[in-house]
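Working notes for the structure below.
The values are calculated or read from the model by the stated rules, or taken from the named source; none is laboratory data. Given the structure is predicted, the values throughout are model-derived calculations rather than measurements. Cβ sites come from the backbone with ideal geometry, for glycine too, and all protein chains shown count toward neighbours. In case anyone asks, the SASA skips ligands and DNA or RNA and just uses the protein heavy atoms, side chains included. Shrake-Rupley method; radii C 1.70, N 1.55, O 1.52, S 1.80 Å.
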Amino acid sequence: MNTQRTILRAALFDLDGVVFDTEPQYTVFWGGECRRYHPEHPGLEHEIKGQTLDQIYDRWWAGPLESERQAVTLRLNDYEAHMTYIYIEGLTDLLADLRLHGVKTAVVTSSNRPKMESVYRQHPEFPALFDAILTSEDFAESKPSPDCYLRAAARFGAKPEECVVFEDSINGLRSGLSAGMTVVGLTTTNNKETIEGLSHYQIPDYKGINHQTFSKLWQVI
């Protein structure tokens, strides 16, 4: 690790599969939609993980399928409104400890604001857990572009080398690396072997991780 990287100023978290254990639920939803519209492409629901809805539509619901976007969106909105948003184990304790030690935290997600409203209804306390929440409306380019994470760092006046990114999807991991940040990969969506080459460290959840233990990791990653 770069010896100059001695201060952790910001911890930046993706949402699905990183804050909430929702990826299995999205796999079910998109699996159904992909089989309905793209039976010729089995496993497509795994390929689109980490992409915005616009990205998915532009690539897979274009041309003759463009007229189906509204129906898919309505089904997705209804699905998200009834999803179960369960925090990844140990997350809230880690967030509280980071704040206690002056580390800024942010959600940086490809999800849109209507999706976040569903989250807030189930978890009214959610906005207060983080110092900032950035959604797809807040950045010009989506993951794997580094734009979203660079904007989040700038929000806190932090340099990329002073930030750590928590991600689970391939696009998200690439985004964090492209931003020049330390990347911790969660094995909630992909296994450790799949994400080892795209992250500096891999964890299944946040159990046992606090500012002190993470600071030790920070010095050796």
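Have a look at S199, S169, S215, S178 and point out the one that is open to solvent by 60 Å² or more (accessible area, probe 1.4 Å) and hydroxyl-bearing (S, T, Y).
Numbers: S199 fails: open to solvent by 60 Å² or more (accessible area, probe 1.4 Å); S169 fails: open to solvent by 60 Å² or more (accessible area, probe 1.4 Å); S215 fails: open to solvent by 60 Å² or more (accessible area, probe 1.4 Å).
Every option except S178 fails the conditions.
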key: Residues (modelled with pLDDT of 85 or more, buried (at least 19 other Cβ atoms within 10 Å of the Cβ) and among the charged types (D, E, K, R)) located in the range 45-66   = E45
task = Output the residue which, of all residues in the range 26-44 that are charged (D, E, K, R) and open to solvent by 20 Å² or more (accessible area, probe 1.4 Å), is nearest to F13 (Cα to Cα).
result = R35
task = Quickly run through the range 69-112 and pick out the residues that are open to solvent by 60 Å² or more (accessible area, probe 1.4 Å), farther than 17 Å from F166 by Cβ and either in contact with an Asp or Glu (Cβ under 6 Å, 6 or more places away or on another chain) or among the acidic types (D, E) (or both).
result = D78
query = Taking K159, is it more than 24 Å from E23 (Cα to Cα) and either open to solvent by 10 Å² or more (accessible area, probe 1.4 Å) or among the β-branched types (V, I, T) (or both)?
reply = yes
message = Restricting to the range 133-148, and then to whatever is open to solvent by less than 10 Å² (accessible area, probe 1.4 Å) and either part of a helix (DSSP H, G or I) or of a type outside the set (D, E, K, R) (or both), can you tell me which residue is nearest to D97 (Cα to Cα)?
response = L134
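Restricting the search to the range 73-97, which residues are in contact with a helix residue (DSSP H, G or I) (Cβ under 6 Å, 6 or more places away or on another chain) and not aromatic (F, W, Y)? Let's see the steps before the verdict.
Let us first name the residues in the range 73-97 that are in contact with a helix residue (DSSP H, G or I) (Cβ under 6 Å, 6 or more places away or on another chain), namely 79-81, 83, 85, 95, 97.
Residues satisfying the conditions are E80, A81, M83, L95, D97.
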inquiry  = Need pairs with beta-carbon distance below 6 Å; first residue under 17 Å from I170 (Cβ atoms) and outside any loop (DSSP other than H, G, I, E, B) and within the range 193-215, second open to solvent by 70 Å² or more (accessible area, probe 1.4 Å) and of a type outside the set (D, E); sequence gap 6+ or separate chains.
reply    = Q202/K192
query = Can you pull out the residues in the range 149-185 that are in a strand (DSSP E or B), under 19 Å from I48 (Cα atoms) and touching a Gly at 6+ places or on another chain (Cβ under 6 Å)?
reply = E167
